[in-house]
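Visitor: Okay, here's the structure, questions in a sec.
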Amino acid sequence: MGPTLEQIETAAERLCGVVVETPVLKLQQAKWQGLPVEADVTVKLELFQQTGSFKARGAYLGIAGLDDAAKAAGVVAASGGNHAMAVAWAANAAGVDALIAMPEATDPTRVEGCEALGARVELCADMPAAFEVMEREAAGGRFLMHPFEAEHMALGSAVLGAEYLRQAPEVEVFVIPVGGGGMISGMSRAIKLLKPDALVFGVEPVGADSMKRSFEAGEPVRLERIDTIADSLGSPLAMPYTFGVAHENVDEIVHLTDAQMVEGMRAYLDVLKIMAEPACAASLAAICGPLKDRLAGNRVGIIACGSNIGSKRFDSLVS
């Protein structure tokens, strides 16, 4: 289940020159407090990707792969964050009309970013209401750009995973944030295909742990409530395709608290002068928190997955 190596290679060729081959950076133990003892830690800075997150890869593949009729009908997405920006950018690049349904509480920086890219934004009371708009517009003919439950989204993330391994072939343990599962399903699939002995850990907020609970149940589950500062990781449910791919390729999922993510945000700001959103800091927070002792002495790869956060919200979280 999931993309094949041939599909990953073909997608990588299609994305070449369109998305950024984001850099990897070795974290020096002396500059970072709390890293696992004697661990060799590498971070892939995917926050420097088009629109500021990994989502650009899958969104571009999805829209570029539409036929002429679908492109003429336009696309619709529901998102309060990185997916919204990615769909707006990919649609703009393809000359496709895009409607983005976003919760009223969305960071204004993200709303403005979508509109600057030519998308029409419809603000909704909350995320369930935004999903209702997405489903209504899809029923009316627009192509539905789901934020994670789509083969093209997992394929874009698989390209990311293969790219990371090519840049840092020595990494033996990967730590990846989990929201709906689009990133970890694709990345873990590519990693296991290319390096079967590598370990893949997912990290999920305590207050939005639909994938961890799904792993425990052996099937996708839905949460009754979401409670986390990491809106990019706040999926209320796991879904069949991404759950299936992740379940086959991810070794374990661990919990992360909001306070631990805030510490990760502070660390990125202090050392790299990067204003990371909570989801972006999740991998770093995990290796300095719940996974610290287990990763001592290992060659570890983490990912800084996105940076779409306004200074006002950032300051309110870290101050």
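Visitor: Which residues, counting only those in the stretch 43-53, are part of a strand (DSSP E or B) and of a type in the set (D, E, K, R)? Talk me through it step by step, then tell me what you get.
Guide: Restricting attention to the stretch 43-53, the residues satisfying the condition of being part of a strand (DSSP E or B) are 43-45, 53.
The answer is Lys44, and nothing else.
Visitor: Which residue pairs have Cβ atoms closer than 6 Å, lie 6 or more positions apart in sequence or on different chains, and pair a first residue in the stretch 88-103 that is outside the structural domain of Ala138 (by TED's automatic domain parsing) with a second residue that is hydroxyl-bearing (Ser, Thr, Tyr) and part of a strand (DSSP E or B)?
Guide: No pair meets every condition.
Visitor: If we only count helices (runs of 4 or more DSSP H) wholly inside the stretch 54-148, which ones have 1 or more residues that are of a type outside the set (Val, Ile, Thr) and within 18 Å of the chain's Cα centre (by Cα)? Steps first, answer last, please.
Guide: Values: elements: 55-64, 68-73, 82-94, 108-116, 127-139.
It comes to 55-64, 82-94, 108-116, 127-139.
Visitor: So how many residues does the stretch 37-79 have that are outside the structural domain of Gly234 (by TED's automatic domain parsing), surrounded by fewer than 24 Cβ atoms within 10 Å (Cβ to Cβ) and not aliphatic (A, V, I, L, M)?
Guide: Qualifying residue count, the stretch 37-79: 5.
Visitor: Something else about it: Which residue pairs have Cβ atoms under 8 Å apart, sit 6 or more places apart or on different chains, and have a first residue in the stretch 278-294 that is of a type in the set (D, E, K, R) and a second that is at pLDDT below 95?
Guide: Close Cβ pairs (under 8 Å, with a partner that is at pLDDT below 95) amount to Lys292/Gly34.
Visitor: Let me ask you something else. In the stretch 147-161, how many residues are buried (at least 24 other Cβ atoms within 10 Å of the Cβ) and modelled with pLDDT of 95 or more?
Guide: Residues meeting the conditions: 9.
Visitor: Taking the stretch 270-319 as the search range and keeping residues that are assigned to a loop (DSSP other than H, G, I, E, B) and among the hydroxyl-bearing types (Ser, Thr, Tyr), which one is nearest to Gly181 (Cα to Cα)? It would help to see each step written out before you state the result.
Guide: Within the stretch 270-319, the subset assigned to a loop (DSSP other than H, G, I, E, B) is 273-281, 289-298, 305, 307-310, 319.
This time we only want the ones that are among the hydroxyl-bearing types (Ser, Thr, Tyr), so: 307, 319.
On the way: Ser307: 18, Ser319: 30 Å.
The selected residue is Ser307.
The values are calculated or read from the model by the stated rules, or taken from the named source; none is laboratory data. Computed from a predicted structure; not experimentally measured. Note: ideal-geometry Cβ built from the backbone for every residue, glycine included; neighbour counts use all protein chains shown.
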